[in-house]
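A.B. asks: Here's a structure for you.
Just so it is clear, none of the values below were taken in a lab; they were calculated from the coordinates. The model shown is predicted, which means the values in this text are computed figures rather than measured ones. Glycine gets a Cβ as well: all are built from the backbone with ideal geometry, and neighbour counts include every protein chain shown.
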Amino acid sequence: MQFHRATLAALAATAFLTFFAAEGSGANAEVSETRAAPVVALTDETVPAAATPVQFVSQEVVQPTPERKAADARLAEAGSLSELVAAMPEGGTMSREMECLAGAIYFESRGEPLAGQLAVGQVIINRSESGVFPSDYCGVVYQPSQFSFVRGGTMPRIDRGSAAWHRATAIARIAHEGLWDSKAGDSLYFHARYVKPSWSRTKIARATIDSHIFYR
């Protein structure tokens, strides 16, 4: 009888502990659900706005220096070709192409008025853009049998300290940058007035400037 009572007591205790454990596990689950991060529905207000597209500059932005601004102002105010030549900045390294252009102006027309020098430069530029002659200044200048000052594929020595060379370099820059209109217009040829080459009869005269006649 004692054994049966002890057994019943043991069974009752076991049932009580089992019930208590079940209740405890349920409380833990409820706490876990309560502490879990809430699920938030995304709306137009909660979705971040798209970032502003980044704009890239294709070329470096360089702020002009006061000296450059002053030089540009002088160029803009030039009322004549001679004033423009005087306003052109001196010095600086010239590319080989610009050396060829200035060299041709120097040797072909350094004794001519500025308009005549500009016209010679314009002819070289026109040739380089024509699709008929070489496409660069040096190619035009050194093309065989075109300019008499070129001998053996070379250019004579230039007196780089002379006023004539400074004028030629200024005229070359003016012609290259299109800062002043030339009377030569679209001319591709020219010759001195004291000669009359046979090819001139098949060309259209555009201008006569001092001792040179310019043709298309």
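A.B. asks: Might you let me know whether region 139-148 holds any residue that is buried (at least 19 other Cβ atoms within 10 Å of the Cβ), touching a residue at least 12 places away in the same chain (Cβ under 8 Å), under 28 Å from the mean Cα position of the chain (by Cα) and not in a loop (DSSP other than H, G, I, E, B)?
C.D. replies: yes
A.B. asks: Another question, if that's okay. Could you tell me which residue of region 171-186 is nearest to residue 143 (Cα to Cα), considering only residues that are among the small types (Gly, Ala, Ser) and either without any contact (Cβ under 8 Å) to a residue 24 or more places away in the chain or surrounded by fewer than 24 Cβ atoms within 10 Å (Cβ to Cβ) (or both)?
C.D. replies: Restricting to residues being among the small types (Gly, Ala, Ser) and either without any contact (Cβ under 8 Å) to a residue 24 or more places away in the chain or surrounded by fewer than 24 Cβ atoms within 10 Å (Cβ to Cβ) (or both), the top hit is 185.
A.B. asks: Further question on the same structure: So, in region 149-170, exactly how many residues are in contact (Cβ under 8 Å) with a residue 24 or more places away in the chain, surrounded by fewer than 21 Cβ atoms within 10 Å (Cβ to Cβ), of a type in the set (A, V, I, L, M, F, W, C) and over 17 Å from residue 138 (Cα atoms)?
C.D. replies: 2
A.B. asks: For the structure I just gave you, tell me whether residue 125 is within 17 Å of residue 84 (Cβ to Cβ), under 33 Å from the mean Cα position of the chain (by Cα) and surrounded by fewer than 24 Cβ atoms within 10 Å (Cβ to Cβ).
C.D. replies: Yes.
A.B. asks: Hey, another quick one. For residues that are of a type in the set (Lys, Arg) and over 35 Å from the mean Cα position of the chain (by Cα), scanning just region 177-216, find the one that is farthest from residue 113 (Cα to Cα).
C.D. replies: Per the stated criteria, the residue is 201.
A.B. asks: Hey, among the residues in region 151-176 that are in a helix (DSSP H, G or I) and among the β-branched types (Val, Ile, Thr), which one's farthest from residue 130 (Cα to Cα)?
C.D. replies: Restricting to residues being in a helix (DSSP H, G or I) and among the β-branched types (Val, Ile, Thr), the top hit is 169.
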